[in-house]
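Below is one structure, written out as structure tokens; the observations come after it.
The values are calculated or read from the model by the stated rules, or taken from the named source; none is laboratory data. Everything quoted here is computed from the prediction, not taken from an experiment. Please note: Cβ atoms are built from the backbone with ideal geometry, for glycine as well, and neighbour counts cover all protein chains shown. Calculation scope for accessible area: heavy atoms of the full protein, side chains included, ligands and nucleic acids excluded. Shrake-Rupley method; radii C 1.70, N 1.55, O 1.52, S 1.80 Å.
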Amino acid sequence: MSKEISRDIEKILIDESEIEQRCKELAAQIEKDYEKEGKTPLVVGLLKGSVPFMAELIKYFKQPIEIDFISVSSYEGTESIGDVKINKDLDLSSKNKNVLIVEDIVDTGRTLREVKKLFYNKGAADVKIVSLLDKPDRRVVDIAADYIGFTVPNEFVVGYGLDYNQLYRNLPFIGILRPEVYTD
Ligand code: IMP
């Protein structure tokens with residue numbers, strides 16, 4: 001039986017063309033900043049939420065970049081300590097590299113704080129963060145992304161990599177789910 005996932009969306013917050021335009025602007029800004037350093041950045045996507053954003057963003061880089069992916073999750077029950085478990089590590093070395101972490105959303109900020117620490121522990125020369133979305137109202141950790149696509153209100157959003165129960169990542173926009181989807 002066919003079921004179109006877009007029917008579960010109550011409201012589109014950011015559409016595809018806005019995201020594409022913002023990715024062009026972000027890539028230009030990031031490239032300009034990295035050019036000063038004269039180093040090839042290692043662009044690292046946090047699986048899985050960063051995939052559509054990263055794919056769009058890297059199309060607009062004109063200078064050489066390396067890309068890789070990492071998958072992390074929080075240790076259960078140690079949220080306050082804030083430690084991460086690596087489910088899939090990088091294939092490339094990040095030693096002495098200028099690492100640019102690509103994230104879907106900065107929410108509490110815990111994940112990024114730990115991932116940033118992880119890369120410095122691995123010997124990265126510099127670690128910066130680009131996030132498609134920022135939800136500043138939910139922050140509990142004092143961390144800010146260096147580059148942000150859009151700031152969103154304190155609502156649960158899906159699409160463009162972001163999931164609810166592993167679904168909706170493939171929607172080409174950022175939206176809010178109908179309330180009945182959570183209660184079904
Ligand atoms: P943080 O460590 O609390 O900043 O969590 C970041 C992660 O939580 C993101 O990478 C997302 O996977 C997930 N997350 C936070 N807010 C949302 C949301 O509104 N929709 C979907 N996933 C979210």
*When residues of segment 7-17 are limited to those that are part of a helix (DSSP H, G or I) and open to solvent by 50 Å² or more (accessible area, probe 1.4 Å), the one modelled with the lowest pLDDT*: ARG7
*Regarding GLY45, is this residue assigned to a loop (DSSP other than H, G, I, E, B) and crowded, with 18+ Cβ neighbours inside 10 Å?*
no
*Just give me the residues in segment 142-177 being under 18 Å from LEU46 (Cβ atoms), surrounded by 21 or more Cβ atoms within 10 Å (Cβ to Cβ) and in contact with a Gly (Cβ under 8 Å, 6 or more places away or on another chain), in sequence order.*
VAL157, VAL158, GLY159, GLY161, LEU162, TYR168, ILE174
*Those residues that are touching a strand residue (DSSP E or B) at 6+ places or on another chain (Cβ under 7 Å) and either open to solvent by less than 40 Å² (accessible area, probe 1.4 Å) or assigned to a loop (DSSP other than H, G, I, E, B) (or both), I need them from segment 58-69; list them, please.*
ILE65, ASP68
*Check whether at least one residue in segment 113-124 is surrounded by fewer than 18 Cβ atoms within 10 Å (Cβ to Cβ), touching a Ser or Thr at 6+ places or on another chain (Cβ under 8 Å) and not polar (S, T, N, Q), and report yes or no.*
yes
